[in-house]
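Peer 1: Sending over a structure as C-alpha cells; questions will come in a sec.
What follows is calculated from the coordinates using simple rules that are stated; it is not laboratory data. In this text the structure is predicted, and so the values were computed from the model without any measurement. When we count neighbours, we look across all protein chains shown, and the Cβ atoms used for this are built from the backbone with ideal geometry, even at glycine.
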Amino acid sequence: MVKLSAVCRALALPFAVLASLVSAPAAQAGPAPKAPPGFVSLAEVDPTIVQEMRYFTPHNFTGHRVDGYRRPTCLLTRPAAESLHRVQRAMLRRGLSLKVYDCYRPQRAVNDFVAWAKDLDDTRMKTEFYPRVDKSRLFADGYIAEKSGHSRGSTMDLTIVRLPALPTRPYVPGERLAPCFAPRSERFPDNSVDMGTGFDCFDTLSHTLDPRIQGRQRANRLLLKSAMEKAGFTNLAEEWWHYTLRDEPYPATYFDFPVR
C-alpha cells in the first residue's frame, strides 16, 4: 500500500494539504432553485392554449433536449400569463388558438445554447434550422446570445393554430430534414397556420415584416402581432414568434430555476 507521505514527496505537496484533499467529504449538490411566487403554469391560467414545448424535445436547433427542461411545461410570470389569456379569448372567437413553443427559459438552458454554438462540429440540425448561416456566425449574427429575455419570465415564443388542432407528430432523431423556409408542404409538419417559416428559423425571412413574406403568410403574422400588441406585448422584429410583455415584472432579473 502506498503511504500518503510518499505521495506528498512525489507531488511536492505539504502533507497537510494532501491529507485534507483525501479526507474531505465529496461536495454535495444543493437543491435546484425554485420558481418565485410570481410565476405560474400557463395551463393553470388558460388550459385552452396549446403547448408544444420544443426544447423539451430533440426537435430544435441543438438536436437534443435542452438543459433545464424537466417537464414540457410553459411557465410565465402571472401578468404575462393573464395577458396571454386575453389574447386567447380573442383567438377562440375566430376558431383559432395560440400555441406556445417556449416560455420561461432558465439560464442553464441559455448556457446549453452557448455551449452548442461553440461546438462547430455539431451541425446535425443545420439543414432545417440554419441552412444558409455558417455556424461560426451564430453569435455575430445575433442568433445566439449569453442572455435571453425568456429568463426573465415574461417572454414567450408562439404561433396560431386552427381549431380543432391535431397534434404535431414527434420528430424522430436522424430523420431527413427540410429547410425551415421551404414551402409549408415540404417543411417538418406543424399544426400551425403558415407563417412563411418554421419556428426558430435562423434566417432573415423570419423577420416579422420581411417584405418577401406576402399574402396569407403575412396576414397570419400580422394577425398574431396585432392581437399580442393589443394585450400589452412587444414583438422582436427579427423573430415573428417572439413576444415580451411591455410591463414585465422582472425587467432586469435572469432566473435559473428549472422548468418542472
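Peer 1: I'd like the full set of residues that are farther than 22 Å from Asp200 by Cα, surrounded by 15 or more Cβ atoms within 10 Å (Cβ to Cβ) and not hydrophobic (A, V, I, L, M, F, W, C), limited to segment 217-255.
Peer 2: Gly232, Glu248, Pro249, Tyr250
Peer 1: Pull out all pairs, ordered by first then second residue, where Cβ-Cβ is under 8 Å, the residues are six or more apart or on different chains, the first lies in segment 42-56 and is within 11 Å of Cys74 (Cα to Cα), and the second is outside any helix (DSSP H, G or I) and of a type in the set (Gly, Ala, Ser).
Peer 2: What qualifies is Ile49/Ser97; Val50/Ser97; Val50/Ala165.
Peer 1: Is it true that some residue in segment 83-101 is touching an Asp or Glu at 6+ places or on another chain (Cβ under 9 Å), crowded, with 21+ Cβ neighbours inside 10 Å and either part of a loop (DSSP other than H, G, I, E, B) or at positive phi (or both)?
Peer 2: No - not one qualifying residue is present in segment 83-101.
Peer 1: Now a separate question. Search segment 105-125 for residues being more than 13 Å from the chain's Cα centre (by Cα), part of a loop (DSSP other than H, G, I, E, B) and charged (D, E, K, R), and hand back the single one that is farthest from Leu158 (Cα to Cα).
Peer 2: Step one: filter segment 105-125 for residues more than 13 Å from the chain's Cα centre (by Cα), giving 115-125.
Okay, now just the ones that are also part of a loop (DSSP other than H, G, I, E, B), so 119-125.
After this cut, where a residue has to be charged (D, E, K, R) as well, the list is 119, 121-122, 124.
Numbers: Asp119: 28, Asp121: 30, Asp122: 27, Arg124: 24 Å.
This residue is Asp121.
Residues are listed down the side, and each one gets a yes or a no for (1) touching a Cys at 6+ places or on another chain (Cβ under 6 Å); (2) in contact (Cβ under 8 Å) with a residue 24 or more places away in the chain; (3) among the small types (Gly, Ala, Ser):
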| residue | (1), (2), (3) |
| --- | --- |
| Ala81 | no, yes, yes |
| Met91 | no, yes, no |
| Ala115 | no, no, yes |
| Thr127 | no, yes, no |
| Asp134 | no, no, no |
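Peer 1: Mind counting the residues in segment 126-153 that are outside any loop (DSSP other than H, G, I, E, B) and of a type in the set (A, V, I, L, M, F, W, C)?
Peer 2: Just the residues of segment 126-153 that are outside any loop (DSSP other than H, G, I, E, B), to begin with: 126-129, 135-137, 149-152.
This time we only want the ones that are of a type in the set (A, V, I, L, M, F, W, C), so: 129.
Final tally of qualifying residues: 1.
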